[in-house]
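To start, the structure itself, in structure tokens.
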Amino acid sequence: MSSIESASSAVVSREAAVHPQWSSRLAFILAATGSAVGLGNIWKFPYITGENGGGAFVLVYLLCILVVGLPILAAEILLGRRSGCSPIKGMTLLARRDAVSLRWGWMAWVGFVAAFVLLSFYSVVGGWSLAYIGLAAQGFFSGADAATIGGLFGQLLEDPGALLLWHSVFMLLVVLITGSGVRAGMERSIKLLMPLLFVLLLVLVGYAAVRGNFAQALSFLFSPDFSKLSTEGVLTALGHAFFTLSTGICVMMAYGSYLPPQVNIARTVVTIGLLDTLVALLAGLAIFPLVFANGLEPGAGPGLIFVTLPLAFGQMTGGVLFGTLFFILLLVAAVTSAISMIEPVVEWLEDKGVSRMLGALMSGAMIWLLGVCTVLSFNVWADFHPLDFMARFEGKTLFDLFDFLVSNLALPIGGLAIALYAGWAMKPQTLRDGIGLGDGAVFTLFHFVLRFLSPAAVLVVFVYNLG
Ligand code: PFF
């Protein structure tokens with residue numbers, strides 16, 4: 001061991017001793033699944049699938065999860081666990097320990113900024129679920145037709161005051177939960193609420209199977225027609241694989257920093273990936289049968305679930321109860337993801353000696369402020385398209401641009417950096433010891449994927465999109 005390495009491992013173990021840790025593997029799985037399963041699965045996956053023509057997009061997305069997302073997620077968690085502190089401090093620490101250029105530290109800064117921007121618009125959409133809890137509970141959907149329900153969503157978007165209110169409430173929730181460090185309470189509620197969300201999604205799929213056009217939905221989702229998939233669609237699928245697994249922007253690195261050494265990362269990552277994919281596919285199976293049965297447009301965009309599901313709740317028995325419960329669970333899924341996005345920022349401030357609550361408040365306030373741009377982009381600034389001079393960004397609002405910046409650029413680029421760091425900068429022995437795949441053929445395959453396949457996939461998709 002070089003002197004640099006032994007000195008910094010001494011720092012690492014000293015830090016690990018004072019750094020809090022998850023109470024168990026289950027606790028980590030719950031928190032990480034809480035981060036992964038969110039609006040990305042239930043809100044975003046269906047609408048981008050609809051916009052990109054269905055089956056071929058789903059297939060590419062699943063491939064991206066398997067070949068790119070999961071290996072990088074495992075590597076990211078390992079980097080976090082090895083560093084034992086916030087990503088910004090941790091990446092420099094690791095670079096020193098692995099005796100490579102300290103410039104790798106920039107990777108964490110990219111993630112830091114991306115998580116900041118991501119939470120700013122995620123919170124606005126999280127606010128929509130808050131608004132919809134109220135609408136569902138008051139019976140607004142009962143017996144309403146598609147036009148009326150579509151109108152409700154339109155009204156919400158056109159009202160900056162309402163959007164701002166719900167965005168503020170959502171951010172406040174995130175700040176309070178993060179600041180008070182009530183993870184233990186969160187863990188307990190995730191244990192109960194996640195399975196409940198799952199059951200409710202199954203109920204909705206059952207309803208959609210009976211009342212919707214299930215056959216058409218199945219063929220839309222699972223028979224690939226590659227003529228409907230553009231190169232930008234492939235980039236969106238790749239970006240979404242990162243988005244849905246919460247990997248690429250050091251958020252899982254922050255969570256990994258609390259992970260006890262005995263937990264098997266590979267097995268944990270497979271569990272997270274399976275649960276996450278299942279929830280997204282169930283959401284698709286609940287939504288598209290209703291889209292087709294009601295003559296709605298699959299490519300309708302971000303409002304898709306806020307129009308189709310209320311239609312179902314409005315027609316089913318017990319719809320007020322189911323509808324209210326569904327939007328409460330959607331909110332929980334969104335909050336458990338949002339608290340992971342703010343974690344790298346808060347952990348960094350904590351490393352600098354700021355208290356958790358103050359750190360959460362300060363970062364929350366700045367993120368909230370940026371979120372106001374997203375709020376306005378749906379109404380007052382709807383015609384403000386700052387990048388109209390570039391053909392590819394023509395007509396894109398601030399919200400569209402923030403989403404593109406994070407989902408299609410920052411997440412894949414951050415993921416690429418993580419793959420390159422773990423595959424090339426780290427010693428294979430260190431990777432092997434940490435990842436939990438043994439030292440046989442499976443590890444060799446994993447190492448190959450991380451070194452060549454995942455980076456190549458990201459680069460090829462980028463080059464095609466630039467071309
Ligand atoms: N995975 C979350 C979702 O699917 O909603 C979103 C997310 C959380 C993305 C954390 C990125 C991240 F770092």
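The values are calculated or read from the model by the stated rules, or taken from the named source; none is laboratory data. Note that the structure is predicted; figures quoted are calculated from it, not measured. Here the Cβ is made from the backbone with ideal geometry for all residues, glycine too, and neighbour counts use every protein chain on show. We work out accessible area using only protein heavy atoms, side chains counted, and drop any ligands, DNA or RNA first. Shrake-Rupley method; radii C 1.70, N 1.55, O 1.52, S 1.80 Å.
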Tally time: how many residues in the stretch 239-255 are more than 13 Å from the chain's Cα centre (by Cα) and closer than 26 Å to V461 by Cβ? 1
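A quick yes/no check of all residues on (1) without any contact (Cβ under 8 Å) to a residue 12 or more places away in the chain; (2) more than 29 Å from P412 (Cα to Cα):
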position: A108; (1), (2): no, no
position: V113; (1), (2): no, no
position: G134; (1), (2): yes, yes
position: F141; (1), (2): no, yes
position: G151; (1), (2): yes, yes
position: L156; (1), (2): no, yes
position: G161; (1), (2): yes, yes
position: F170; (1), (2): no, no
position: V174; (1), (2): no, no
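With the condition kept exactly as written, say whether any residue in the stretch 248-261 is open to solvent by 30 Å² or more (accessible area, probe 1.4 Å) and either more than 22 Å from P412 (Cβ to Cβ) or within 14 Å of the ligand (Cβ to nearest atom) (or both).
Initially, the stretch 248-261 is screened for residues open to solvent by 30 Å² or more (accessible area, probe 1.4 Å), giving 261.
Adding the requirement that they be either more than 22 Å from P412 (Cβ to Cβ) or within 14 Å of the ligand (Cβ to nearest atom) (or both) leaves 261.
For the stretch 248-261, residues open to solvent by 30 Å² or more (accessible area, probe 1.4 Å) and either more than 22 Å from P412 (Cβ to Cβ) or within 14 Å of the ligand (Cβ to nearest atom) (or both): present.
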Surrounded by 13 or more Cβ atoms within 10 Å (Cβ to Cβ) and in contact with a Cys (Cβ under 8 Å, 6 or more places away or on another chain) - does that describe any residue in the stretch 377-393? yes
Pick from the stretch 19-41, criterion within 21 Å of Y132 (Cβ to Cβ) and in a loop (DSSP other than H, G, I, E, B), ranking: nearest to the ligand (Cβ to nearest atom): G38
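Identify, from the list F326, F242, F288, the residue that is more than 15 Å from the ligand (Cβ to nearest atom), open to solvent by less than 10 Å² (accessible area, probe 1.4 Å) and at pLDDT 95 or above. Spell out how you get there, then give the answer.
Working: F326 fails: at pLDDT 95 or above; F242 fails: more than 15 Å from the ligand (Cβ to nearest atom).
The unique qualifying residue is F288.
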So is G314 crowded, with 22+ Cβ neighbours inside 10 Å and of a type outside the set (A, V, I, L, M, F, W, C) or not? no
Restrict the check to the stretch 76-98 and report whether at least one residue is farther than 30 Å from I287 by Cα, within 21 Å of the chain's Cα centre (by Cα) and of a type in the set (S, T, N, Q). yes
Considering only residues that are outside any helix (DSSP H, G or I) and crowded, with 19+ Cβ neighbours inside 10 Å, which ones fall in the stretch 411-444? M426, L437
Select the helices (runs of 4 or more DSSP H) contained entirely in the stretch 130-224, then report the ones holding at least 2 residues which are open to solvent by less than 40 Å² (accessible area, probe 1.4 Å) and within 20 Å of L39 (Cα to Cα). 146-158, 160-179, 183-211
Run L192 past the list (1) closer than 20 Å to G40 by Cβ; (2) at pLDDT below 95 and report the number of the one that doesn't hold. (1)
When you scan the stretch 352-370, do you find a residue that is among the hydroxyl-bearing types (S, T, Y), crowded, with 21+ Cβ neighbours inside 10 Å and touching a Leu at 6+ places or on another chain (Cβ under 6 Å), even just one? no
With respect to G248, determine if the residue is small (G, A, S) and either touching a Leu at 6+ places or on another chain (Cβ under 8 Å) or more than 29 Å from L296 (Cβ to Cβ) (or both). yes
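Being open to solvent by 50 Å² or more (accessible area, probe 1.4 Å) and either touching a helix residue (DSSP H, G or I) at 6+ places or on another chain (Cβ under 6 Å) or part of a helix (DSSP H, G or I) (or both) is the filter here, so list the residues in the stretch 226-239 that pass it. Outline the logic, then answer.
Within the stretch 226-239, the first condition is being open to solvent by 50 Å² or more (accessible area, probe 1.4 Å), and the residues that meet it are 226-228, 230-232.
Within the stretch 226-239, F226, S227, K228, T231, E232 meet the criteria.
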By residue number, the members of the stretch 270-280 that are surrounded by fewer than 19 Cβ atoms within 10 Å (Cβ to Cβ) and more than 18 Å from P71 (Cβ to Cβ) are L278
Residue in the stretch 42-63 that is crowded, with 24+ Cβ neighbours inside 10 Å, outside any helix (DSSP H, G or I) and within 16 Å of the ligand (Cβ to nearest atom) present: no
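Mind counting the residues in the stretch 256-278 that are over 13 Å from the mean Cα position of the chain (by Cα) and in a helix (DSSP H, G or I)? Please lay out each step first, then the result.
Here is the first cut: in the stretch 256-278, the ones over 13 Å from the mean Cα position of the chain (by Cα) are 256-271, 274-275, 278.
Remaining after also requiring in a helix (DSSP H, G or I): 256, 265-271, 274-275, 278.
Going through the stretch 256-278 one residue at a time, the tally reaches 11.
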